[in-house]
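There's a structure below that I have some questions on.
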Amino acid sequence: MTIEGVQQYSIMQSPSKVSEASGSAPPATSVIEGWAELPEGLLHSIVALLGSFLDLLAFTGTCHSWRAAFSSYPSKSNFRTILPPLLVRPNVRVKAPYSSNGHRKLRSCEVIDLANRNTPLRCQIPQETLQRMHFAGSSHGQLICCRRGYCLVVDVFTGAEVSPPRLPFSENCDEFYYCGILTAPITSPNSHLIISTQSSLFDWPVGSDSWSELKLPVNRVDQIVEFNGQLIAVIEYSLYTLQLAPILRLEKIKTLWWDNMNECPYMRPWFVVCGDMLLIVDHYISFSFGAPVLYRPYRLDMSTKPAKWVEVKKLENWALFIGGDARSPPFSFKNPERWGGRSNCLYYAHYSQPLSLHGLGDDADAVWDPNTDDNLVFKRNWYRQLQALWVYPSMFYSAGDGQ
């Protein structure tokens, strides 16, 4: 896959190669002469000052030593606190020269950077992955796709691929994948790939020869998040701690719903880590004038036993990002005003239009744009094909990062 902008920097199929596609630039040797020998410490100080995705592309595209300096930069994850996630729209093709990654035809798809909306970007995803593989999830800048038990982990922006061993399940079972995540960047020595089917949870320590399987006692795992150093799995709206070693194991976290309700009132909620809070969020229909759907977050208060869900009246200086597929990961971002965004808002990625903006809680009507498409669907679902989703490039993750 590639991504390129107005300066025509193109990240090629190998994560270690960056080429400049513009014909107007001088030869690379004259551009980098004398600059390639800058010491790594000085280059790291330059990286710390970069303030946009295009700046990062330009820096890593300068020469090999600059790319190496960015790779060794110890605080790459800080860019996830400075820049919003990128919106990848697989259904929107953009014009690009024909390209392949050696044996796969690539489809050029639109990418939107909210911090630079006027900058045209694209990524190139293997067409076979889009057409024949089933989407299972996205994590650490990687797409996780499966078909007939064969899995493929594909970097959204570099095209690097990892093929795990085949999942150990029967050909006769219903082939649907409800959750797929990495517990750490794919290059991390302790990374695990976790896949959930209807009746089993599978764990692959990246680089190993086999999967571990846990037969689920109740139902599928819908989502897995990392919170306070623990993996938390969501099964039928209930929370379970997930232990990977020495064996796969789930342990239920007893929780109380708000307003003394006996069960979750939401139809298809999702969970997102927002600073030091674990939130549960979903929409419900409004029949009044103004916003047609309302979103109200609740946070998990673990200071009590059992833990209880408490309404968050306002997210203050936080914004949330979500896609239409139930397996696309949500994100939170602090102080979105720094790139022109809005706090206490939800950015919802759609198939037909790029996104809709929703005020959370009591801000719903004030934020809602009445010109928004009336036919938008806000109930998240499981789709076999890849939908619009928010992604941070894998270059923004360090080996020691969790989710």
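Read-outs: derived from the displayed coordinates by stated rules, not from any lab. Keep in mind it's a predicted model, so treat the numbers as computed, not measured. A quick note on method: Cβ atoms are made from the backbone with ideal geometry, for glycine too, and the neighbour counts reach across all protein chains shown.
Stretched out fully, how many nm does the piece from Asp373 to Lys314 gain, at 0.36 nm a residue minus the Cα gap?
Between Asp373 and Lys314, full extension yields 18.6 nm more.
Under a Cβ-Cβ cut-off of 10 Å, what is the net charge of the residues other than Pro354 that fall near it, where Lys and Arg count +1 and Asp and Glu count -1?
Summing Lys/Arg as +1 and Asp/Glu as -1 gives +1.
Would you mind telling me which residue in Leu300, Leu38, Leu250 has the biggest mean-square fluctuation in a Gaussian network model of the chain, where springs connect alpha carbons within a distance under 10 angstrom?
Between Leu300, Leu38, Leu250, it is Leu38 that shows the largest mean-square fluctuation.
Sorting His44, His140 on the 10 Å Cβ count, fewest up front, what's the list?
Going from sparsest to densest Cβ surroundings: His44, His140.
Please compute the length gained on full extension between Ala48 and Trp339, using 0.36 nm multiplied by the number of residues separating them and subtracting their Cα-Cα distance.
Stretched out fully, the Ala48 to Trp339 stretch lengthens by 103.1 nm.
With a 10 Å Cβ neighbour count serving as the proxy for reagent exposure, in which order, fewest first, do His283, His134, His64 appear?
So the residues, fewest neighbours to most, are His64, His134, His283.
Now, a different point. Can you pick out the pairs among Lys254/Lys314; Lys215/Lys308; Lys305/Lys379; Lys76/Lys313; Lys313/Lys334 whose Cα atoms lie more than 21 Å from each other?
Check vs 21 Å cut-off fails for Lys254/Lys314; Lys215/Lys308; Lys305/Lys379; Lys76/Lys313.
I've got another one for you. In a Gaussian network model over the chain where Cα atoms closer than 10 Å are linked, find which of Asn375, Asn91, Asn190 has the largest mean-square fluctuation.
Taking springs between Cα atoms under 10 Å, the residue moving most is Asn375.
Name the residue farthest towards the positive end of the dipole of the chain from the options Ala245, Val281, Val293, assuming +1 on Cβ of Lys and Arg, -1 on Cβ of Asp and Glu, about the Cα centre.
Ala245
Below 8 Å, C-alpha to C-alpha, sequence gap of six or more: please give me the relative contact order for the chain in percent.
It rounds to 15 percent for the chain.
Rounded to the nearest 20 Debye, what is the dipole magnitude of the stretch 149-255 about its Cα centre when Lys and Arg each give +1 and Asp and Glu each give -1 at the C-beta?
So the magnitude is around 360 debye.
What number comes out for the charge environment of Gly324, summing +1 per Lys or Arg and -1 per Asp or Glu over other residues with Cβ under 10 Å away?
Around Gly324, the surrounding residues sum to +1.
Which of Met302, Met261, Met277 has the fewest other C-beta atoms within 10 Å, and how do the rest follow up to the most?
By the 10 Å Cβ count, ascending: Met261, Met302, Met277.
Please list 309-316, 292-299 highest first by mean number of surrounding beta-carbon atoms within 10 Å per residue.
Put in order of decreasing packing, that is 292-299, 309-316.
Treating the beta-carbon of each Lys and Arg as +1 and of each Asp and Glu as -1, no other charges, what is the dipole magnitude of the stretch 31-159 about its Cα centre, to the nearest 20 debye?
860
Per the helix-only calculation at 222 nm, which mean residue ellipticity applies to the chain, given -39500 (n - 2.57) for every DSSP H run of n ≥ 4 and division by its residues, nearest 500 deg cm²/dmol?
-2500 deg cm²/dmol
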